[in-house]
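Accompanying notes for the structure given below.
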Amino acid sequence: VLGNLVGLIDSDYQGQLFISCWNRGRTAFTIEPGERIAQLVVVPVLQATLRQVETFTATERGEGGFGHSGTR
């Protein structure tokens, strides 16, 4: 059994990747090196550049939280 889980790997990680799996059946089996048992999806991650400011520019929305965007 391979858990249907999501894991995040840091973009600068350089070590080995490991897959956690276990046999829940009664018959032993071996997973050989090179067998295709998992997937990896590479997704770009935005690296935001933040700027500290003293004050915010006023907007029509103001400080409204959920439900204050005007979109329904």
* Based on the mean of other Cβ atoms within 10 Å per residue, sort peptides 9-15, 52-58 so the most packed one is first. => 9-15, 52-58
* To do: Take the alpha carbon atoms of the chain, find their radius of gyration, then divide it by 2.2 N^0.38 Å using N residues; give the quotient.
  => 2.07
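Computed from the coordinates by the stated procedures, all read-outs in this text should not be read as laboratory data. It should be emphasised that the depicted structure is a prediction, and the values quoted were computed from it without experimental measurement. Reconstructed Cβ throughout: ideal geometry from the backbone, glycine too, with neighbour counts over all protein chains shown.
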